Amino acid sequence: MKVLVTGGAGFIGSHVVDALIEEGHKVLVVDNLSTGKKEHLNPEATFYQLDIRSLELEDVFRREKPDLVNHHAAHVDVRHSVDDPRHDADINVAGSLNLLECARRHGVSRFIYASSGGAIYGEPEYLPCDEAHPLNPLCPYGVSKLTVESYLFVYAHTYGLRYVILRYPNVYGPRQDPTGEAGVVAIFARQMARGEGVVINGSGEQERDFVYVDDIVRANRLAQDLLHGQIYNLGTGVGTSINDLFALMAAMTGYDAEPTHVPPKTGETFKIYLDATKARVELGWQAEVGLHEGLRRTIHSHQGAT
């Protein structure tokens with residue numbers, strides 16, 4: 001099978017690419033390298049340095065004729081989406097629509113979409129959130145991810161697109177950018193490795209559902225054989241506070257300084273963790289790498305890269 005992976009030089013996307021190639025698939029990567037890195041590119045993948053908004057994307061579909069699109073490219077900075085919602089929508093909505101139109105015009109009827117289980121639901125009415133939870137995003141980023149989910153439903157109804165939506169929790173692991181706005185585990189890991197001061201936004205009592213990247217990759221592999229218009233939360237169903245995460249990582253690294261607390265980020269949900277029962281029953285998926293083991297692997301990947 002020939003798979004086009006957008007964002008395939010990024011954190012999660014590059015791991016998905018590696019798994020697809022290991023399975024023997026032909027993989028195309030579309031990434032503008034705004035946040036992705038060349039060193040994350042699998043040399044066996046065919047790389048196109050393109051923005052998903054580019055008109056040149058049409059040429060890639062015409063030339064390569066992929067069987068499946070796995071869409072990971074996105075603007076993921078919640079704070080920046082609040083400051084500049086038009087920019088966020090231009091990438092996440094207009095860019096995704098350009099991708100969908102290319103797929104439609106060139107007969108690609110299979111699509112996997114990486115959505116957000118952290119931003120779609122807003123402040124939860126109950127926890128853990130299942131897929132039936134009301135959708136009330138608190139930031140433009142969440143709105144943009146939800147909008148693309150709606151477009152996928154329309155393309156399935158109108159054009160016969162077969163798709164699966166995977167709503168991600170807080171994903172962490174090797175290759176996550178420690179300099180970006182997303183990725184608290186990577187940020188803490190590098191700050192601790194360098195002996196720098198660790199900064200926590202807000203009280204630190206906010207909770208997230210942390211899932212190791214290998215488990216997310218496995219969900220993508222399971223989803224590509226299903227593609228029946230369903231939405232799946234991926235998560236552990238357990239929240240971990242940022243304060244507890246800091247304490248655990250400090251103990252694992254020998255870091256002995258106290259964190260500095262700064263004002264919370266605008267637009268972020270305070271507590272969110274996800275019920276992945278549907279994914280377990282229908283995909284045969286559940287998170288397998290525990291938080292302690294996943295953090296150990298992640299911290300190890302940052303050692304020597306300070």
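The residue pairs whose first member lies in the stretch 256-271 and is over 11 Å from PHE246 (Cα atoms), whose second member is among the aliphatic types (A, V, I, L, M) and part of a loop (DSSP other than H, G, I, E, B), and whose beta carbons are closer than 6 Å, counting only pairs six or more residues apart or on different chains, are GLY267/LEU138.
When you check GLY118 against the structure, is it under 19 Å from the mean Cα position of the chain (by Cα), modelled with pLDDT under 95, at negative phi and of a type in the set (Gly, Ala, Ser), yes or no? Answer is yes for this residue.
Quick check on the stretch 152-161. Is at least one of its residues in a helix (DSSP H, G or I), within 27 Å of LYS37 (Cα to Cα) and touching a helix residue (DSSP H, G or I) at 6+ places or on another chain (Cβ under 6 Å)? Checked against the condition, which is being in a helix (DSSP H, G or I), within 27 Å of LYS37 (Cα to Cα) and touching a helix residue (DSSP H, G or I) at 6+ places or on another chain (Cβ under 6 Å), the stretch 152-161 yields no hits at all. Closer than 24 Å to VAL217 by Cα, polar (S, T, N, Q), assigned to a helix (DSSP H, G or I) and without any contact (Cβ under 8 Å) to a residue 60 or more places away in the chain: does that describe SER96? Here the answer is yes, as SER96 does meet what is asked.
Can HIS25 be described as touching a residue at least 40 places away in the same chain (Cβ under 8 Å) and more than 20 Å from ALA94 (Cα to Cα)? For HIS25, the condition - touching a residue at least 40 places away in the same chain (Cβ under 8 Å) and more than 20 Å from ALA94 (Cα to Cα) - is not met. Residues of the stretch 47-61 include at least one that is touching an Asp or Glu at 6+ places or on another chain (Cβ under 9 Å), in a strand (DSSP E or B), over 17 Å from GLU149 (Cα atoms) and in the same structural domain as LEU227 (by TED's automatic domain parsing). Screening the stretch 155-186 for residues that are free of Cβ contacts under 8 Å to residues at least 24 places away in the same chain and over 21 Å from ASP88 (Cβ atoms) and picking the one that is farthest from the chain's Cα centre (by Cα) gives THR158.
The values are calculated or read from the model by the stated rules, or taken from the named source; none is laboratory data. Owing to the predicted nature of the structure, the values given are computational and were not obtained by experimental measurement. Glycine also receives a Cβ, built like all others from the backbone with ideal geometry; neighbour counts cover every protein chain displayed.
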